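Visitor: Could you have a look at this structure, given as structure tokens, before my questions?
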Amino acid sequence: MSDHEYTPKSKFGKWFNDRLPLLSLASHLTDYPTPKNLNYWWTFGGILTFCLITQIVTGLVLAMHYIAHADMAFDSVEHIMRDVNYGWLIRYIHANGASMFFLAVYIHIFRSLFYGSYKSPREVIWIIGIIIYLLMMAAAFMGYVLPWGQMSFWGATVITNLFSAIPLVGEGIVTWLWGGYSVDNPTLTRFFTLHYLIPFLILGLVVLHIWALHVPGNNNPVGIDIQKPSKDTVPFHPYIVIKDGFALLMFSIVFAFFVFYTPNILGHADNYIEADPLVTPAHIVPEWYLLPFYAILRSVPDKLLGVVAMLSAIFILAALPWLDTSKIRSAVFRPLYRQFYWILVADVLILGYVGAMPAEGLYLLIARVATAYYFLHFLVILPVLGFKEKTLPIPLSITEPVLGGSSNFALAKNKKKFE
Amino acid sequence: MSEKKTNRRDFLFTATYAVGAVGVGAVVWPMIDQMNPDASVKALASTEVDVSSLNPGKTITVLWRGKPVFIRRRTQEEIAEAKSVKLEDLKDPQKDEDRAKDPEWLVMLGVCTHLGCVPLDQKGDYNGWFCPCHGSHYDTSGRIRKGPAPTNMEIPKYEFVNANTIKIG
């Protein structure tokens, strides 16, 4: 985005930069013009990068002590918890780090939904983001299998069995995934390999995500394009760096609270029982961040259709830039969308809640209604809303609502009417 | 350039792509197939189970190929219940006779056909098995009656070696 040519000051810097323009890249990143109205919902990109690095570093350390074998995995995790110096700390950071990662990614995704960040020209950023989210779910699921507790084993059994719903080849695929006739040692070793690989794939995609972001630049709370960079933007460093840093500090407090005060509250007690292929836990649930999709799976009484519904619920997000027909990005200027947005947030929270409850009676009914509404939102409400909704007038520039006399959008908007 | 005549170069391109595709396939297949069950997994022997101590109304669970197998010595009421069900009431119609060679002995894979959990014995609406994961109900013959599971619980290959021993596999 920065158009100015960068020339290093030192002679060596110039020599090096002519051969590999790393310093030019650093200059681009620090000077990168950022809309000056970004609020704290925009700090989660930086927080997510922090989460990824935390998972990679703690994961590398854990892999030095963990043994990926069905007979030894459970004991090696206990060995980490009891014997390895600070092993308990590193494992609790890694386990809770996964939850923090998902917490941050859900805020990041819902930020995009509210401010329309997925819309043209940012569709590719959005789709790369959805792929990262899918890989995160795969990595989290496989990571949960590694301690080889009861939830690990039965979670792996249930999720891999989803593939058996595919007609004709389903059973063959499941046997191939397992490397046997049930979840067993071959399954554990390959899951460990893939769990180790995926974070680096995510890292690569994050680079593409940021690269694609730096082509059009950031969206912002009013959702309009930058008119005059000199008026509407501030350089990334130091303004955004400091703001991101402060938000990261606040986030770290929440993170540390979980790690030090309630390290097991997000896990499941059954996973401290070693895997037993003869006994399924009475109440089997995935980790909290997968519950909404689990609720969708269970709300459909047919095996194949249940799997199709669950996968569609994720993949439908990739089509969002084309399902949302409204030209206005920010929900601030879309009074109806804003209401449907909050209904969707409530819907997803309800799905998450019933996903943790037994699939019977009233819970099942609620899950079915919430599942139907989820698809209704994306497939009917969003496309129709773009044509029917009477949107509010958008400001002329990012600066206008600020310097136009008031930071209140409504006042600024009325002011424009009088002019 | 606009001429559509096939020339020597087109032939060379096509031949190169074809050979390349075969080569890639030949390299990729071993990478995929290595994940299938290996020789040691396939070689898992059959299991022989002593059932002499099993009284009517009791079930034992044994592990075969990493999966649980239920062996239930059914009571007369259970057999009568299983036989009295009309085939049209079943989601996956199958006669009880076809599932239990000797009606007193039901030998089946204790794996829910929905997503592979182990159903609980003597639970559910049909006095048979109930899967706690997603709520599938099975009857006293292990047939699916209610819930998301698509088929009856599977009957493995088994035989009575003698009056007290069942060989599975």
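Values quoted throughout were computed directly from the atomic coordinates according to the rules given, and no laboratory measurement underlies them. What you see is a predicted model, and the numbers here were worked out from it, not measured in a lab. No Cβ is skipped: glycine too gets one built from the backbone with ideal geometry, and neighbour counts run over all protein chains shown.
Visitor: Per the Kirkwood formula on distinct C-alpha pairs, the Rh of the range A:210-280 is how many angstrom?
Guide: Across the range A:210-280, the inverse of the average 1/r is 17.0 Å.
Visitor: Also: For the range A:311-362, what is the largest minus smallest coordinate of the Cα atoms on each principal axis, given in angstrom and ordered from greatest to least?
Guide: Cα extents, longest axis first: 42, 24, 13 Å.
Visitor: For the range B:35-169, state the semi-axes of the equivalent ellipsoid (square roots of 5 times the eigenvalues of the alpha-carbon gyration tensor), sorted largest first and rounded to whole angstrom.
Guide: Calculated on Cα positions only, the semi-axes equal 23, 20, 13 Å.
Visitor: With the cut-off at 1.5 for a/c, could you classify the range A:1-134 from its C-alpha gyration tensor as rounded, prolate or oblate?
Guide: Since a/c reaches 1.5 but b/c is at least a/b, the shape of the range A:1-134 is classed as oblate.
Visitor: Shifting gears a bit: Given N residues in the range A:96-164, what is Rg(Cα) / (2.2 N^0.38 Å)? Each step should come with its number before you reach the end.
Guide: On the way: Rg = 15.2 Å, N = 69, 2.2 N^0.38 = 11.0 Å.
So the Cα radius of gyration is 1.38 times the expected 2.2 N^0.38 Å.
Visitor: Report the calculated FRET efficiency for A:LEU362 and A:TRP211 (r = Cβ-Cβ distance, R0 = 56 Å), to the nearest 0.05.
Guide: Rounded to the nearest 0.05, the efficiency is 0.70.
Visitor: In whole Å, what are the extents of the range A:151-295 along the principal axes defined by its C-alpha atoms, from largest to smallest?
Guide: That works out to 66, 43, 29 Å along the principal axes.
Visitor: Can you pull the one-decimal nm distance between simple spin-label points at A:LEU349 and A:ASN39, each 7 Å off the Cα toward Cβ?
Guide: Computed distance between label sites A:LEU349 and A:ASN39 equals 1.7 nm.
Visitor: Would you mind estimating how fast chain A diffuses translationally, via Stokes-Einstein at 20 °C and 1.002 mPa s with the Kirkwood radius over Cα pairs, in µm²/s?
Guide: For the chosen part, D equals 90 µm²/s.
Visitor: Now a separate question. Once Rh for the range A:38-99 is found with the Kirkwood sum over Cα pairs, what is the Stokes-Einstein diffusion coefficient at 20 °C and 1.002 mPa s, in µm²/s? Present the calculation step by step, with values, prior to reporting the outcome.
Guide: Working: Rh = 12.8 Å.
For these conditions, the coefficient is 167 µm²/s.
Visitor: Let me ask you something else. Just want the ordering: A:TRP176, A:TRP342, from fewest to most Cβ atoms lying within 10 Å of their own Cβ.
Guide: On the way: A:TRP176 16, A:TRP342 12.
Neighbour counts put them in this order, fewest first: A:TRP342, A:TRP176.
Visitor: Can I ask one more? What does the convex hull of the Cα atoms come to per residue for the range A:258-341, in Å³?
Guide: 192 Å³
Visitor: Straight-line reach from A:LYS303: which lysines have a Cα under 16 Å away, not including same-chain ones fewer than 8 places off?
Guide: Those lysines meeting the cut-off are B:LYS91, B:LYS146.
Visitor: Can I ask one more? How big is the Cα convex hull of the range A:250-297 in projection, averaged over all directions, in nm²?
Guide: 4.8 nm²
Visitor: Would you mind ranking A:ILE90, A:ILE253 by Cβ crowding within 10 Å, fewest neighbours first?
Guide: The most exposed by this proxy come first: A:ILE253, A:ILE90.
Visitor: Can you sort A:HIS69, A:HIS108 so the residue with the fewest Cβ neighbours within 10 Å comes first?
Guide: Taking fewest neighbouring Cβ atoms as first place, the list is A:HIS69, A:HIS108.
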